[in-house]
1. Do any residues in region 175-204 that are under 20 Å from L135 (Cβ atoms) have Cβ atoms under 6 Å from those of residues that are open to solvent by 60 Å² or more (accessible area, probe 1.4 Å) and at pLDDT below 95, where the two are at least six apart or on different chains, and which pairs are they?
2. Take region 248-286 and flag every residue that is β-branched (V, I, T) and either open to solvent by 50 Å² or more (accessible area, probe 1.4 Å) or in contact with a strand residue (DSSP E or B) (Cβ under 6 Å, 6 or more places away or on another chain) (or both).
3. Take region 328-339 and flag every residue that is open to solvent by less than 60 Å² (accessible area, probe 1.4 Å) and not in a strand (DSSP E or B).
4. Which residues, taken from region 302-319, are touching a strand residue (DSSP E or B) at 6+ places or on another chain (Cβ under 7 Å), over 18 Å from W343 (Cβ atoms) and not β-branched (V, I, T)?
5. Within the set of pairs 6+ apart or on separate chains, which have a first residue in region 225-247 that is over 15 Å from I195 (Cα atoms) and open to solvent by 80 Å² or more (accessible area, probe 1.4 Å), a second that is modelled with pLDDT of 80 or more and part of a helix (DSSP H, G or I), and C-beta atoms under 8 Å apart?
6. From the residues in region 191-230 that are among the hydrophobic types (A, V, I, L, M, F, W, C) and in a strand (DSSP E or B), which one is nearest to G310 (Cα to Cα)?
7. For region 91-134, give me each residue that is closer than 30 Å to Q275 by Cβ, among the hydrophobic types (A, V, I, L, M, F, W, C) and over 15 Å from the mean Cα position of the chain (by Cα).
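The values are calculated or read from the model by the stated rules, or taken from the named source; none is laboratory data. Quick caveat: nothing in here was measured; it's all calculated off a predicted structure. A quick note on method: Cβ atoms are made from the backbone with ideal geometry, for glycine too, and the neighbour counts reach across all protein chains shown. We work out accessible area using only protein heavy atoms, side chains counted, and drop any ligands, DNA or RNA first. Shrake-Rupley method; radii C 1.70, N 1.55, O 1.52, S 1.80 Å.
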Amino acid sequence: MLVISTLKKLLMRHFMELRWHSILLAIVAYMLLSWAILWVCGEVALTRSHDFIYWLIVTASTVGYGDLSPETVAGKYAVAFLVIPMGLGLFGLTIGRVAAFVSYQWRKGIKGMKALNYDNHILVIGWNENRTLQLIRLLQQEMEQQTERQHIALCVRVEVENPMPDSIGFTRVNSFSNDADMERTSLEKASTIIIDTRDDDVTMTTALYCSSKNPQAHIIAYFNDDTLGALLKQHCPNVECMPSVAVEMIAKSAVDPGSSALHYQLLAVDEGMTQYSMKYHGQQPVTIRDLFNTFKERYEATLIGLARAGTKTLQLNPALNDHIQPGDTLYYIAEGRINHIDWENFRV
């Protein structure tokens, strides 16, 4: 028994170490050998080309329908002692390897070791536990109102697994500025890059790296120290630096009670009126007054600000006589995002 057990372990270890091409060759060899044995034994019915493959598969997989079976004594012994044992071994080995391969690939994705094949996606860099999870949930809610949904990918350095394996891409890297690591995030194809790390100096170096690799992306960097954000803007004016506004919110709520709830509702997309933006694609300039009234009458939306085309200067509560030019960005408050405006036939 000891010899048999040792031999069994040796064979199993040998088979588990086989590569895929070796397994394929073993299956082909098994099929040829089985056909030759049946032919020698005079099993004419089983060696027909249109029946042999079918019979061999149902036999090796232990299904055994019984519609085809060996008729000669030699054929029965050959099937019982050679064809079936070898087939069961190869069948179990193949199924086991396929299951192991699928499981391995799934684990690689969970652990962030696989490369993402994304394009025009939103890449979130950094891990702040609940804050990062809330950010991703808000982005997902925003995507539900988009006509063309974008993939969301998370890139971290800490040893965590994908927190949302069914809905986001995930990569774990050693450095946010390593070419080989960041290539797995499809960084150069991302349309939006959000950088929110625990350390401002890491955020700074990551923003500089991302700006050099993908200067066309909309890059947002969150800083606890506002001075670092201002310094980054000097070198990368295309990066939108997001300062911490907690202190300002406290002061505003102290003087104007309820301000925090107001600002929260403007930012939350799952309830009430929320702030959105859109490009003005009309061919002719239009006054704030005309567009304000049209938005309110048609969409129950309130125009609150604009940013001129080619600039990032935000103008809140613009004068009613100001003109909106083609390409300007409009900011408005509405219950949902306004999509599919036919600017060519838009009349105020």
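1. Hits for this filter: L187/K213; S191/N120; T192/H218; D200/N224; D200/D225.
2. Listed by number, the residues that qualify are I250, V255, V286.
3. D328, G336, R337, I338, N339
4. Residues satisfying the conditions are G305, L314, Q315, L316, N317, P318.
5. Close Cβ pairs satisfying both conditions: H235/L208.
6. Step by step, filter region 191-230, then rank; the result is I219.
7. W127 - this is the single residue of region 91-134 that is closer than 30 Å to Q275 by Cβ, among the hydrophobic types (A, V, I, L, M, F, W, C) and over 15 Å from the mean Cα position of the chain (by Cα).
To keep it simple, each residue is scored yes or no on (1) over 20 Å from I219 (Cα atoms); (2) among the basic types (K, R); (3) in contact with a His (Cβ under 9 Å, 6 or more places away or on another chain); (4) assigned to a strand (DSSP E or B).
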position	(1), (2), (3), (4)
L232	no, no, no, no
E240	no, no, yes, yes
M249	yes, no, yes, no
M278	no, no, no, yes
F295	yes, no, no, no
I304	yes, no, no, yes
G310	no, no, no, no
P318	yes, no, no, no
P326	yes, no, yes, no
